[in-house]
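Written below as structure tokens is the structure these notes are about.
The values are calculated or read from the model by the stated rules, or taken from the named source; none is laboratory data. Since the model is a prediction, treat every value here as computed from it, not as a measurement. Note: ideal-geometry Cβ built from the backbone for every residue, glycine included; neighbour counts use all protein chains shown.
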Amino acid sequence: MNIVVCLKQVPDTETRIRIKDDAGKGIVRENVKFIISPFDEFALEEALRLKEKLGGQVIALSLGPDRAKDALRTALAVGADKAVHVNDGGLAGTDSLGVARTLAAAIRKLDHDVVLFGKKGVGLDRGQVPAQVAQILGLPFAGQATEITVSDDGKSATVDREIEGGRERFEVPLPAVISREKSANELRHAALKGIMAAKSKPIQAFTLADLGLDAAALQPKVLVSKMEYPTERTAGRVLQGDAATAARELVRLLHEEAKVI
Amino acid sequence: MTILTVAEFRAGGLGKPALEALGEARRQADLVGGKTGVVLIGHNVDPAVATLTRYGADEIYIFDSAALENYSLEKYASAVAQVVEAHKPDVVLIPGTVHGREIAPWLASRLGVGAAADCIGIKVAPDGALEAVRPLYSGKARARVSFCGRPQIASLRPNVFAVGDVNDSRAANSHRMALGEAPAGAVLREVAAASGGKVELSEARVIVAGGRGLKGPEHFDMLEKLAEVVGGAVGASRMVVDLGWKPHDMQVGQTGKVVNPELYIAVGISGAIQHLVGMQTSKTIVAINKDPEAPIFKIADYGVVGDAFEVVPLLTEEFKKALAPVSV
């Protein structure tokens with residue numbers, strides 16, 4: 001089983017987000033710690049578990065600037081067999097469709113039975129790239145998987161997911177693109193041996209030209225005109241008195257003042 | 001200027017997010033003298049035609065067949081693509097459900113145009129240009145976006161846009177459509193409804209959420225009781241889910257669900273940033289916590305410093321009294 005797992009770096013989820021002063025179209029990236037997007041970590045762990053069960057290889061794929069190599073080294077350290085880095089200045093400012101087109105071109109060059117993603121990058125929070133990669137590659141898509149079981153013959157997978165008010169179970173012919181919901185299986189820690197081994201494993205690099213793509217064709221279709229901070233909430237009031245008094249007063253306020261009940 | 005929306009129909013009905021998308025399409029179209037269209041997909045969908053008409057659809061494109069009874073990303077998105085290619089709408093608004101959040105990007109990729117995900121505000125200009133507002137960095141920032149090319153696609157966050165007014169005197173043109181080619185994809189084998197009568201978190205008007213302050217999964221019973229009285233749903237903090245007390249589908253926060261009910265009651269939740277970003281757009285927030293320094297109080301409209309085990313049952317009784325039908 002050849003498993004390609006796509007990893008995106010995002011600002012650490014504890015980071016205070018600061019919008020750039022100039023045109024207000026992006027965030028300040030200096031002194032921001034970048035991590036593998038949490039959902040992508042669950043996808044990576046899923047990839048390693050699928051390989052342990054079915055054999056084959058895990059290929060970690062990341063699109064991003066030089067720092068994306070850190071994500072790929074992490075993947076190699078926990079057990080990915082290969083790492084592929086798509087790095088090209090022409091990708092700056094592209095949107096989810098541009099990213100999807102680039103990743104799809106890279107995936108075409110790699111053996112793939114399953115292409116795994118996290119359900120969204122915790123950052124831009126779009127969650128659009130996985131379905132778009134599937135569309136471009138002409139592969140089936142199963143999104144937000146909570147459970148992935150590959151059949152014995154390796155020709156299909158059963159994928160479970162949660163939807164509003166219920167669950168769905170899909171039969172997915174392979175190869176396919178699957179995005180992963182959070183799971184109970186957090187990404188394993190790298191052993192020292194793995195970390196040392198990762199240092200000597202090569203990271204294959206692709207530019208847009210290597211993929212037969214032209215930056216002009218990847219110009220964004222969705223343009224950010226301005227970024228803003230949300231309206232800050234402020235502390236309201238703390239109700240005084242014993243629990244019974246506070247409970248009574250709270251219900252009164254919710255009814256008469258907030259008018260929500 | 002035309003705004004197209006998408007509505008799935010099956011046994012459970014149309015779903016509120018579909019009516020929200022149509023409601024917003026109608027409002028925007030009325031502001032600039034435009035028209036609305038709805039792509040209606042499913043099997044035996046006739047009851048939905050009247051509903052969509054009353055809620056403001058001008059044109060209804062009906063894909064009704066047994067093959068469409070079960071959801072299929074490729075079939076549903078291809079149906080929308082077919083209507084887009086024939087009728088060239090300026091804007092396509094898609095309900096931001098689990099299905100919609102994958103139909104929108106797939107469709108955008110298929111058409112080679114842009115899609116903005118999870119929008120919380122939109123504005124359509126008389127020439128059909130769309131400006132959308134979408135949250136990013138878990139709501140720590142928001143972006144105003146515009147589009148290059150047509151159609152402009154946006155998925156809309158559920159529970160943000162109002163369902164439109166019903167008008168029984170409206171008329172719509174219905175068009176029976178046959179689905180052309182669609183790629184084979186994943187096949188839906190089973191659909192299981194969540195256990196009886198549970199209110200879906202992302203659509204709930206009231207959410208009662210519990211954190212580690214509840215000390216154990218068994219104490220969520222009292223939140224269930226409170227939620228039942230107010231007709232709400234029960235949510236949980238990440239800690240509660242990580243401890244295995246409650247399943248992930250109840251988690252509110254950065255790696256869980258983002259919710260925006262009318263009323264959010266946080267019980268025994270300290271208010272870590274990753275929780276706050278999942279619920280801070282709630283209209284009214286109530287915090288019940290023993291620790292007066294808990295960060296949740298910084299964003300709560302009303303706070304009660306006290307023992308949840310004492311406060312919640314009293315609160316449940318007070319709600320019961322307040323919500324009881326007035327006797328004459």
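For region A:120-143, which residues satisfy the criterion of being under 11 Å from residue A:177 (Cα atoms) and either acidic (Asp, Glu) or not in a helix (DSSP H, G or I) (or both)?
If the condition is that a residue be under 11 Å from residue A:177 (Cα atoms) and either acidic (Asp, Glu) or not in a helix (DSSP H, G or I) (or both), then A:138, A:139, A:140, A:141, A:142, A:143 are the ones that fit.
In region B:278-328, what count of residues is obtained for those that are more than 10 Å from chain A (Cβ to nearest Cβ), of a type in the set (D, E, K, R) and farther than 18 Å from residue B:210 by Cβ?
Here the count works out to 1.
Out of curiosity, is residue A:116 in a strand (DSSP E or B), more than 13 Å from every other protein chain (Cβ to nearest Cβ) and either touching a strand residue (DSSP E or B) at 6+ places or on another chain (Cβ under 6 Å) or closer than 24 Å to residue B:152 by Cα (or both)?
Values: in a strand (DSSP E or B): yes; more than 13 Å from every other protein chain (Cβ to nearest Cβ): yes; either touching a strand residue (DSSP E or B) at 6+ places or on another chain (Cβ under 6 Å) or closer than 24 Å to residue B:152 by Cα (or both): yes.
It is true that residue A:116 is in a strand (DSSP E or B), more than 13 Å from every other protein chain (Cβ to nearest Cβ) and either touching a strand residue (DSSP E or B) at 6+ places or on another chain (Cβ under 6 Å) or closer than 24 Å to residue B:152 by Cα (or both).
Just to be sure, is residue B:156 of a type in the set (A, V, I, L, M) and in contact with a Gly (Cβ under 6 Å, 6 or more places away or on another chain)?
On the way: of a type in the set (A, V, I, L, M): yes; in contact with a Gly (Cβ under 6 Å, 6 or more places away or on another chain): yes.
For residue B:156, the condition - of a type in the set (A, V, I, L, M) and in contact with a Gly (Cβ under 6 Å, 6 or more places away or on another chain) - is met.
Just one of the numbered conditions (1) part of a loop (DSSP other than H, G, I, E, B); (2) more than 23 Å from residue A:166 (Cα to Cα) is not true of residue B:244; which one?
(2) is the only condition that residue B:244 fails.
Looking only at region B:196-212, decide whether some residue is within 30 Å of residue A:174 (Cα to Cα) and either more than 13 Å from chain A (Cβ to nearest Cβ) or not basic (Lys, Arg) (or both).
Our first condition is that a residue be within 30 Å of residue A:174 (Cα to Cα); within region B:196-212, this holds for none.
Checking region B:196-212: not a single residue is within 30 Å of residue A:174 (Cα to Cα) and either more than 13 Å from chain A (Cβ to nearest Cβ) or not basic (Lys, Arg) (or both).
Buried (at least 22 other Cβ atoms within 10 Å of the Cβ) and either at pLDDT 95 or above or more than 11 Å from chain A (Cβ to nearest Cβ) (or both), is that true of residue B:275?
So residue B:275 fits the description; yes.
All but one of (1) within 14 Å of chain A (Cβ to nearest Cβ); (2) assigned to a loop (DSSP other than H, G, I, E, B); (3) touching a residue at least 60 places away in the same chain (Cβ under 8 Å) hold for residue B:113; which doesn't?
Here residue B:113 meets the rest and fails (3).
Within region A:218-257, how many residues turn out to be closer than 30 Å to residue A:18 by Cα and either touching a residue at least 24 places away in the same chain (Cβ under 8 Å) or within 7 Å of chain B (Cβ to nearest Cβ) (or both)?
Within region A:218-257, the subset closer than 30 Å to residue A:18 by Cα is A:218-237.
Among the residues that remain, those that are also either touching a residue at least 24 places away in the same chain (Cβ under 8 Å) or within 7 Å of chain B (Cβ to nearest Cβ) (or both) are: A:218-230, A:233, A:235-237.
Counting residues in region A:218-257 that are closer than 30 Å to residue A:18 by Cα and either touching a residue at least 24 places away in the same chain (Cβ under 8 Å) or within 7 Å of chain B (Cβ to nearest Cβ) (or both) gives 17.
For region A:146-159, does any single residue satisfy the condition of being of a type in the set (S, T, N, Q) and under 26 Å from residue A:105 (Cβ atoms)? Can you show your working first?
Within region A:146-159, the subset of a type in the set (S, T, N, Q) is A:146, A:149, A:151, A:156, A:158.
Among the residues that remain, those that are also under 26 Å from residue A:105 (Cβ atoms) are: A:156.
Checked region A:146-159: at least one residue is of a type in the set (S, T, N, Q) and under 26 Å from residue A:105 (Cβ atoms).
Looking at B:191, B:166 in this structure, which one is touching a residue at least 12 places away in the same chain (Cβ under 8 Å), β-branched (Val, Ile, Thr) and in the same structural domain as residue B:75 (by TED's automatic domain parsing)? Spell out how you get there, then give the answer.
Numbers: B:191 fails: in the same structural domain as residue B:75 (by TED's automatic domain parsing).
None of the others qualify; the one that does is B:166.
Being of a type in the set (A, V, I, L, M), closer than 30 Å to residue B:104 by Cβ, surrounded by 14 or more Cβ atoms within 10 Å (Cβ to Cβ) and in the same structural domain as residue A:58 (by TED's automatic domain parsing) is the requirement here; does residue A:223 meet it?
On the way: of a type in the set (A, V, I, L, M): yes; closer than 30 Å to residue B:104 by Cβ: yes; surrounded by 14 or more Cβ atoms within 10 Å (Cβ to Cβ): yes; in the same structural domain as residue A:58 (by TED's automatic domain parsing): no.
For residue A:223, the condition - of a type in the set (A, V, I, L, M), closer than 30 Å to residue B:104 by Cβ, surrounded by 14 or more Cβ atoms within 10 Å (Cβ to Cβ) and in the same structural domain as residue A:58 (by TED's automatic domain parsing) - is not met.
Of all residues in region B:125-134, how many are closer than 29 Å to residue A:119 by Cβ and away from chain A (no Cβ under 11 Å)? Explain how you work it out, then say what you get.
Keep residues of region B:125-134 that are closer than 29 Å to residue A:119 by Cβ, which gives B:130-134.
Narrowing further to those that are away from chain A (no Cβ under 11 Å): none.
Total meeting the criteria: 0.
If I go through region A:149-182 residue by residue, how many of them are modelled with pLDDT of 95 or more and within 14 Å of residue B:188 (Cα to Cα)?
12
Could you list, ordered by first residue, the pairs with Cβ atoms under 6 Å in which the first is in region B:93-106 and more than 7 Å from chain A (Cβ to nearest Cβ) and the second is acidic (Asp, Glu) and assigned to a strand (DSSP E or B), at least 6 apart or interchain?
Final answer for the pair search is B:96/B:118.
Conditions: (1) facing chain B (nearest Cβ under 8 Å); (2) part of a strand (DSSP E or B). Residue A:205 meets all but one. Number of the miss?
Only one criterion in (1) facing chain B (nearest Cβ under 8 Å); (2) part of a strand (DSSP E or B) is unmet by residue A:205, namely (1).
So which of B:265, B:285, B:269 ends up being assigned to a loop (DSSP other than H, G, I, E, B), more than 14 Å from residue B:202 (Cα to Cα) and not aromatic (Phe, Trp, Tyr)?
Working: B:265 fails: assigned to a loop (DSSP other than H, G, I, E, B); B:285 fails: assigned to a loop (DSSP other than H, G, I, E, B).
Answer to the check: B:269.
Does residue B:80 satisfy being part of a helix (DSSP H, G or I), in the same structural domain as residue B:151 (by TED's automatic domain parsing) and within 22 Å of the chain's Cα centre (by Cα)? So that I can check it myself, show each step before the final result.
Values: part of a helix (DSSP H, G or I): yes; in the same structural domain as residue B:151 (by TED's automatic domain parsing): yes; within 22 Å of the chain's Cα centre (by Cα): yes.
When the stated conditions are applied, residue B:80 passes them.
So which residues in region A:180-202 are part of a helix (DSSP H, G or I), of a type in the set (Gly, Ala, Ser) and surrounded by 14 or more Cβ atoms within 10 Å (Cβ to Cβ)?
Quick first cut of region A:180-202, residues part of a helix (DSSP H, G or I) only: A:192-200.
So of that shortlist, the ones also of a type in the set (Gly, Ala, Ser) come out as A:194, A:197-198, A:200.
The answer is A:194, A:197, A:198.
Considering each residue of region A:49-102, count those that are at positive phi and either modelled with pLDDT under 95 or among the polar types (S, T, N, Q) (or both), and give that number.
1
For residue A:177, only one of the following conditions fails: (1) over 27 Å from residue B:252 (Cβ atoms); (2) surrounded by fewer than 20 Cβ atoms within 10 Å (Cβ to Cβ). What is its number?
(2)
Working carefully through the options B:5, B:36, find the one that is touching a residue at least 12 places away in the same chain (Cβ under 8 Å), assigned to a strand (DSSP E or B) and over 28 Å from residue B:191 (Cβ atoms).
Values: B:5 fails: over 28 Å from residue B:191 (Cβ atoms).
None of the others qualify; the one that does is B:36.
Which of the strands (runs of 3 or more DSSP E) contained wholly in region A:1-73 include at least 2 residues that are over 24 Å from residue A:148 (Cα atoms)?
On the way: elements: A:2-7, A:9-11, A:34-36, A:57-63.
Qualifying strands (runs of 3 or more DSSP E): A:9-11, A:34-36.
Has region B:58-70 got any residue that is touching a Ser or Thr at 6+ places or on another chain (Cβ under 7 Å), of a type in the set (Gly, Ala, Ser), more than 10 Å from chain A (Cβ to nearest Cβ) and outside any helix (DSSP H, G or I)? Don't jump to the end; show me each part of the working.
Initial filter on region B:58-70 (touching a Ser or Thr at 6+ places or on another chain (Cβ under 7 Å)): B:58, B:60, B:62.
Pick out the ones that are also of a type in the set (Gly, Ala, Ser) and you get none.
No, there is no match, as no residue in region B:58-70 is touching a Ser or Thr at 6+ places or on another chain (Cβ under 7 Å), of a type in the set (Gly, Ala, Ser), more than 10 Å from chain A (Cβ to nearest Cβ) and outside any helix (DSSP H, G or I).
Let me confirm something: among B:266, B:308, B:209, which residue is more than 26 Å from the chain's Cα centre (by Cα) and crowded, with 22+ Cβ neighbours inside 10 Å? Can you show your working first?
On the way: B:266 fails: more than 26 Å from the chain's Cα centre (by Cα); B:209 fails: more than 26 Å from the chain's Cα centre (by Cα).
B:308 is the lone residue from the list that is more than 26 Å from the chain's Cα centre (by Cα) and crowded, with 22+ Cβ neighbours inside 10 Å.
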